[in-house]
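What follows draws every value from the coordinates through simple rules; no lab data is involved. It should be emphasised that the depicted structure is a prediction, and the values quoted were computed from it without experimental measurement. Please note: Cβ atoms are built from the backbone with ideal geometry, for glycine as well, and neighbour counts cover all protein chains shown.
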Amino acid sequence: MYFDSHAHYDDTKFDSDRTDLLTNLKEVDCIISCGADLNSSEKSLQLADKFDFIYAAVGIHPENVESENDIDKLKNLATRKRVKAIGEIGLDYHYENFSRDKQIELFKKQIALANEINLPIIIHSRDAQNDTFQIIKECAKTNGVIHCYSGNLQMALEYIKLGFYIGIGGVITFKNAKKLAEVVEQIPLEKILIETDCPYLSPEPNRGKRNDSSNLKYVVEKISQLKNISHDEVAKITEDNAKKLFKINF
Ligand code: NI
């Protein structure tokens, strides 16, 4: 049984079969459904209220920086009972049309909120490795997870020193994921969380199709091969890691 530390079950790609899919999902013990704006954070909370194995993370993704920055509204959501993290938040320099200054300001405000209410943070970072690391190092008083990790081994070790976990998903099964394979081989299993980021980033052999938590077995199998540790042990330890980070007991 697996702990899916990062999913987006509020996504419209699940509109046709969401309840059926989640009701019949036997492979996972627990899921963190992450918000990307206020609306999807609210929807994640509704899912967490409906399913006892789902918890919510609430946050504003850097891609939504131009349309949303209402930290008071986010705080109202963040203090609700089924919320276990602030996320996903961070920096994305991939597209030029999102102001970097505004992203940094919003990122810092959301870290301050996590500090204030003592919740871990779920970090999105794309093409912004150094700024993300520096801001976390300077501002974060809680720990968290670097979701869909794409940096090198040295930076992963720096994050681990700060108490952070490294999120590994479908990308690890891709043939060209050599740098990520090295990260997984070299860091302790006790610092790895597994995730789908569904409906995105389906692992091989389902790459390109809609992703869901039942595909975590391919991610766990790949980690198991890279670390030469049994499949069950990878599942168990990554689940324990997530329970510890998000303070969930079951
Ligand atoms: Ni995500």
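Take the Cα radius of gyration of the chain and divide it by 2.2 N^0.38 Å, N being the number of residues; the result is 0.93.
Hey, how many Å between the Cα centroid of segment 1-62 and the Cα centroid of segment 111-169? About 22 Å separates the Cα centre of segment 1-62 from the one of segment 111-169.
Each Cα pair of segment 1-127 feeds into the Kirkwood radius, which the Stokes-Einstein equation turns, at 10 °C and 1.306 mPa s, into a diffusion coefficient of 107 µm²/s. Across the cross-link table entries 50/73; 81/108; 137/222; 50/102; 137/191, which are compared at the Cα atoms, the separations over 25 Å belong to 137/222; 50/102. Both radii were evaluated on the Cα set of segment 135-250; the Rg over Rh quotient, with Rh as the Kirkwood radius, amounts to 0.95.
Each peptide in 55-62, 98-105, 161-168, 76-83 was scored by the mean count of other Cβ atoms within 10 Å over its residues; highest first, the order is 55-62, 161-168, 76-83, 98-105.
Full extension of the chain between residue 12 and residue 229 yields a length gain of 74.5 nm, computed as 0.36 nm times the residue separation minus the alpha carbon distance.
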